[in-house]
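To keep things clear, I will list the structure first and then write my remarks on it.
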Amino acid sequence: MENVFIYDHPLIQHKISLMRDKRTTTKEFRELVSEVSMLMAYEVTRELPLKEIEIETPVAIARTKVLAGKKMALVPILRAGLGMVDGMLNLMPMAKVGHIGLYRDPVTLEPVEYYCKLPEDASDRDLVVLDPMLATGGSASAAVRFLKEKGIQNIKFMCLIAAPEGVRRLHNDHPDVPIFCAALDERLNDHAYIVPGLGDAGDRLFGTK
Ligand code: PRP
Ligand code: URA
């Protein structure tokens, strides 16, 4: 699929398998989400621009490279997206963090934004929207739409597990938004859960079920 990047690094695949196991505890699950997010941060930042500088080593002057100061922001979708923030910040401590909260209206079934707090200069930054699960794609698509309505253009979406239905929906609604994931699963079940998936990511992260 175009514009979908699946990270098949062995460490990522191993940790995703442990996360899928229903015997994995809340503590272990939370640690795994954080670790996989950190490994994925390494890949998501692969294209960051560099600039050359001069540094004096104990031996000589080195012409060497540092990040050119491209500004990033992470935007977790509440609540499960929160689990991905710390791991990413470990590798990019300079990133700002915005939050977007969505719930699904029981009558219209449309996602409604109930909370949104973004960095002041969000439209000057490269944004990575975070959510462990891309199921129907309704939440991700709505989050991206809300961000675009606020004038933000440079958006990537990063999840752990995606369903083909969610990928299609997000691509269809926002073809400009690349999707980064650790696994592309088979399908959704009748309750819009990803199969085989890992269950409810929010509940497993926060121990609410
Ligand atoms: C989960 C998940 C996504 C959404 C994915 O959140 O974290 O936000 O479902 O489903 P979709 O692609 O069909 O929209 P949930 O609504 O369970 O809320 P939570 O994060 O508070 O657990
Ligand atoms: N949300 C989850 O947390 N898990 C799924 O499988 C689908 C939506």
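Every number in this text was worked out from the coordinates using simple rules, so none of it is lab data. Not measured: the values here are computed from a predicted model. With ideal geometry, Cβ positions are generated from the backbone for all residues, glycine too; neighbour counts draw on all protein chains shown.
Can you tell me which residues in region 134-148 are more than 6 Å from ligand 1 (Cβ to nearest atom) and hydroxyl-bearing (S, T, Y)?
Residue satisfying the conditions is S141 alone.
Taking strands (runs of 3 or more DSSP E) that fall entirely within region 1-98, which contain at least 1 residues that are surrounded by 17 or more Cβ atoms within 10 Å (Cβ to Cβ) and within 16 Å of ligand 2 (Cβ to nearest atom)? Working first, answer last.
Values: elements: 4-6, 50-56, 61-67, 72-78.
Fully inside region 1-98 and qualifying: 72-78.
Looking only at region 3-47, how many residues end up being farther than 30 Å from K209 by Cα and in contact (Cβ under 8 Å) with a residue 24 or more places away in the chain?
Here the count works out to 8.
Between a residue in region 112-125 that is part of a helix (DSSP H, G or I) and any residue that is of a type in the set (A, V, I, L, M), which pairs come within a Cβ distance under 6 Å, given they are 6 or more apart or on different chains?
A122/A73; A122/I152; S123/I152
Take region 99-111 and flag every residue that is touching a helix residue (DSSP H, G or I) at 6+ places or on another chain (Cβ under 9 Å) and surrounded by 12 or more Cβ atoms within 10 Å (Cβ to Cβ). Please lay out each step first, then the result.
Residues of region 99-111 that are touching a helix residue (DSSP H, G or I) at 6+ places or on another chain (Cβ under 9 Å), as a first pass: 99-100, 102, 104, 109-111.
Of everything in region 99-111, those that are touching a helix residue (DSSP H, G or I) at 6+ places or on another chain (Cβ under 9 Å) and surrounded by 12 or more Cβ atoms within 10 Å (Cβ to Cβ) turn out to be H99, I100, L102, R104, P111.
Given the conditions (1) within 16 Å of ligand 2 (Cβ to nearest atom); (2) of a type in the set (A, V, I, L, M); (3) in contact with a Leu (Cβ under 8 Å, 6 or more places away or on another chain), which single one is not true for L109?
(3)
Within region 134-163, how many residues turn out to be over 12 Å from I179 (Cα atoms), outside any helix (DSSP H, G or I) and within 15 Å of ligand 2 (Cβ to nearest atom)?
Count: 2.
Of the residues G207, G202, G166, G197, which is exposed (fewer than 15 other Cβ atoms within 10 Å of the Cβ) and either touching a residue at least 12 places away in the same chain (Cβ under 8 Å) or more than 16 Å from ligand 2 (Cβ to nearest atom) (or both)? Even if it seems obvious, please write down each step before you answer.
Details: G202 fails: exposed (fewer than 15 other Cβ atoms within 10 Å of the Cβ); G166 fails: exposed (fewer than 15 other Cβ atoms within 10 Å of the Cβ); G197 fails: exposed (fewer than 15 other Cβ atoms within 10 Å of the Cβ).
After applying the criteria, what remains is G207.
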